[in-house]
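Only one structure is covered here, and it is reproduced in the block below.
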Amino acid sequence: MTDVSPKIEACSPHVMNTYGRLPIALSHGQGCRVWDVNGTCYLDALGGIAVNTLGHNHPKLVPALQDQISKIIHSCNYYHIPNQEVLAKKLVELSGMTNVFFCSTGLEANEAALKLARKFGHDKGIDRPEIVVYEKAFHGRSIATLSATGNPKIQAGFGPLVEGFIRVPINNIDSLKQATEGNPNVVAVFFEAIQGEGGVNPMHLDYLRELRVLCNERDWLMMVDEVQCGMGRTGKWFAHQWAGIVPDVMPLAKGLGSGVPVGAVVAGPKAAHIFQPGNHGTTFGGNPLAMRAGVETIRIMEEDGLLENAARVGTHLSQGLAQALTAELASSAVREIRGLGLMIGIDLAKPCGALVQQCADNGLLISVTADTVIRLVPPLIMTETEADEVISILCPLIRQLLQAP
Ligand SMILES: *Cc1c(COP(=O)(O)O)cnc(C)c1O
């Protein structure tokens with residue numbers, strides 16, 4: 001097999017300048033390890049931003065995808081695609097919801113959720129539906145999803161924003177009640193069960209339960225963006241399941257296809273029949289390759305016990321980090337280690353973007369989000385030994401950064 005990709009250049013003259021990139025080009029991987037084009041090996045604690053559920057070159061996933069590619073990659077939604085039904089049935093079982101729409105990315109799944117909420121309102125005579133969203137939320141980069149996002153940096157330069165959002169702080173039911181009091185136009189509450197880009201901020205389980213009750217009382221759709229925290233990452237299939245609740249709408253993407261782009265909106269009875277033929281669609285969504293990737297990802301996760309692994313290795317990693325950083329936690333130089341399973345945020349008392357390159361120089365891939373939060377979202381196949389390795393590379397670099405003037 002010949003790889004025709006050229007060597008990387010210091011700056012890319014033709015690709016749009018939308019990311020501050022590290023000077024690294026990954027060439028291949030195996031499990032939780034990846035190698036760059038120069039042959040340097042890295043331990044992958046980022047998983048392509050919570051995407052590579054099964055790590056790299058998984059021995060069960062790769063042959064299944066090769067088989068699918070050799071049969072048919074894309075047909076189109078004018079025809080039945082049998083694995084759509086298989087994957088939908090599986091997602092319905094795992095979520096306790098009823099119907100699924102397939103797309104290709106997280107923002108598309110969220111865009112569909114927002115359309116569902118608006119039509120839910122219109123169908124009951126609300127002409128100007130409004131949706132509750134949260135501070136520090138991240139829902140994507142399309143005009144509607146960046147409007148729902150709670151980050152002024154992401155919105156700057158793209159006004160006018162889409163209207164019809166009411167913004168509240170997380171974990172405060174009184175603020176939510178106040179902000180919506182006497183407003184007959186509210187149709188939905190839209191949130192991440194654990195905010196990802198906003199700094200790994202979990203919604204409290206009590207808050208989620210109170211929210212479920214409120215949504216029932218007021219006939220609002222409860223819409224949980226599980227694009228990042230879903231698909232087994234926290235040790236349950238979906239992070240909201242820790243609260244024992246079932247939402248009405250649940251966008252998914254990232255980890256669902258283990259690297260192949262797959263998005264989905266799962267809906268419960270209140271939202272499952274809002275879209276009628278002609279209301280929504282996509283060319284790529286639900287294509288045979290994507291569906292095979294989704295079906296096989298879930299099958300392999302079940303076979304290999306990856307929910308249990310995410311919970312166990314996640315606990316091991318969090319506890320190990322807390323132990324290695326005991327002094328820094330005591331002095332509040334490390335403000336908090338939070339998250340659930342293999343979605344972990346280490347919140348420092350100072351900006352830590354520089355750690356991304358420093359970790360890479362020491363053979364570890366991580367990310368930093370919300371300026372001060374180290375985010376670990378590794379493949380769900382990570383072992384305790386690999387978790388120990390993350391700790392032994394990362395913690396000395398954290399200490400060094402904290403001690404620097
Ligand atoms: C990444 C992410 C999105 C956007 O997904 P894309 O596939 O990049 O469009 C939306 N919501 C959450 C919670 C995310 O983490």
field: Options E336, E328, E303, E296: the member that is touching a strand residue (DSSP E or B) at 6+ places or on another chain (Cβ under 6 Å), among the acidic types (D, E) and either touching a residue at least 40 places away in the same chain (Cβ under 8 Å) or crowded, with 24+ Cβ neighbours inside 10 Å (or both)
entry: E328
query: Would a scan of segment 53-73 turn up a residue that is farther than 27 Å from A387 by Cβ, part of a loop (DSSP other than H, G, I, E, B) and in contact with a Phe, Trp or Tyr (Cβ under 8 Å, 6 or more places away or on another chain)?
result: no
- prompt: Which residues, taken from segment 273-282, are away from the ligand (no atom under 16 Å from the Cβ) and open to solvent by 20 Å² or more (accessible area, probe 1.4 Å)?
  reply: H273, F275, Q276, P277, G278, N279, H280, G281
message: Can you tell me which condition M222 does not meet? The list is (1) over 15 Å from L114 (Cβ atoms); (2) free of Cβ contacts under 8 Å to residues at least 40 places away in the same chain, and all the others hold.
response: (1)
- line: By residue number, the members of segment 174-200 that are closer than 23 Å to G345 by Cβ, open to solvent by 20 Å² or more (accessible area, probe 1.4 Å) and either assigned by TED's automatic domain parsing to the domain that holds P351 or in contact (Cβ under 8 Å) with a residue 24 or more places away in the chain (or both) are E197
- request: Please tell me if I24 is over 30 Å from G353 (Cβ atoms), modelled with pLDDT of 95 or more and open to solvent by less than 100 Å² (accessible area, probe 1.4 Å).
  value: no
- request: Give just the number: which of (1) out of contact with any Cys (no Cβ under 9 Å at 6 or more places or on another chain); (2) assigned by TED's automatic domain parsing to the domain that holds A267 does A109 not satisfy?
  value: (1)
statement: Filter segment 235-262 for residues that are of a type outside the set (A, V, I, L, M, F, W, C), over 12 Å from I298 (Cβ atoms) and in a helix (DSSP H, G or I); the one that is farthest from the ligand (Cβ to nearest atom) is Q241
message: Any residue in segment 373-394 that is of a type outside the set (A, V, I, L, M, F, W, C) sitting within a Cβ distance under 6 Å of a residue that is in a helix (DSSP H, G or I) and open to solvent by less than 30 Å² (accessible area, probe 1.4 Å)? List the pairs, counting only those 6 or more apart or interchain.
response: P378/G47; P379/G47; E384/V313
query: Within segment 41-58, can one find any residue that is at pLDDT 95 or above, touching a helix residue (DSSP H, G or I) at 6+ places or on another chain (Cβ under 7 Å) and charged (D, E, K, R)?
result: no
- request: Go through the residues of segment 251-272 one by one and say whether even a single one is open to solvent by 30 Å² or more (accessible area, probe 1.4 Å) and free of Cβ contacts under 8 Å to residues at least 40 places away in the same chain.
  value: no
- request: Starting from segment 38-61, keep only residues that are at negative phi, then list their pairs with residues that are aromatic (F, W, Y) and more than 16 Å from the ligand (Cβ to nearest atom) whose Cβ atoms are within a distance under 9 Å, requiring at least 6 positions of separation or different chains.
  value: C41/W35; Y42/W35
task: Within segment 339-370, work out how many residues are surrounded by fewer than 22 Cβ atoms within 10 Å (Cβ to Cβ) and within 16 Å of the chain's Cα centre (by Cα).
output: 4
- prompt: Out of I81, I69, which single residue is over 21 Å from the mean Cα position of the chain (by Cα), open to solvent by 50 Å² or more (accessible area, probe 1.4 Å) and in contact (Cβ under 8 Å) with a residue 24 or more places away in the chain?
  reply: I69
- request: Could you tell me whether A109 is open to solvent by less than 20 Å² (accessible area, probe 1.4 Å), farther than 23 Å from G294 by Cα, within 16 Å of the ligand (Cβ to nearest atom) and modelled with pLDDT of 95 or more?
  value: no
- request: Scan segment 269-300 residue by residue and report those that are at positive phi and of a type in the set (A, V, I, L, M).
  value: none
field: Subset of segment 207-233 [within 23 Å of the chain's Cα centre (by Cα), away from the ligand (no atom under 16 Å from the Cβ) and over 16 Å from P251 (Cβ atoms)]
entry: Y207, R209, L211, R212
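The values are calculated or read from the model by the stated rules, or taken from the named source; none is laboratory data. This one's a predicted model, so the numbers in the text were calculated from it and none came from an experiment. In this analysis, Cβ positions are derived from the backbone assuming ideal geometry, glycine residues included, and neighbour counts consider all displayed protein chains. Each accessible area value is taken on the protein alone, full model and side chains, heavy atoms only, with ligands, DNA and RNA left out. Shrake-Rupley method; radii C 1.70, N 1.55, O 1.52, S 1.80 Å.
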